[in-house]
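To keep things clear, I will list the structure first and then write my remarks on it.
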Amino acid sequence: MNHKHRKTLHSLFAHPISANIDPRKVETTLGELGAEFDNRHGGRIGVRLKGHFAEFHFGQHSLSKDQVVQVKKYLEGCGVDPKRDYPL
């Protein structure tokens, strides 16, 4: 995982919650973690990572705080810990 992906991953887990994260960067970071994607109805994407599945709707410009929390909880459920696994 390169530095840009690590930076995006750490921004998802940052406090306070950032509302200025590019959804395309989140998708590529999830892909680097090994996620598989599947396009869903209504502009949603399905994400499968380490046996866990979630469905997200990412906007065009940046993720809302609620979306960041959803992605963070999903990654925590998948066992991803950026401080332990992907230090900056």
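The values are calculated or read from the model by the stated rules, or taken from the named source; none is laboratory data. For clarity, every value in this text was computed on a predicted model and none was experimentally measured. Virtual Cβ from ideal backbone geometry, glycine too; neighbours counted across all protein chains shown.
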Quiz item: Quick one: how many residues across the stretch 34-51 are surrounded by fewer than 15 Cβ atoms within 10 Å (Cβ to Cβ), of a type outside the set (Lys, Arg) and out of contact with any Asp or Glu (no Cβ under 6 Å at 6 or more places or on another chain)?
Solution: 9
Practice problem: Provide a single number: the residues in the stretch 18-44 that are under 13 Å from the mean Cα position of the chain (by Cα) and modelled with pLDDT of 90 or more. | Solution: 17
Self-check item: the stretch 45-68 residues that are closer than 13 Å to Val26 by Cβ and touching a residue at least 40 places away in the same chain (Cβ under 8 Å), paired with ones that are among the polar types (S, T, N, Q) and exposed (fewer than 12 other Cβ atoms within 10 Å of the Cβ) (beta carbon under 6 Å, 6 or more apart)
Solution: Ser62/Asn20
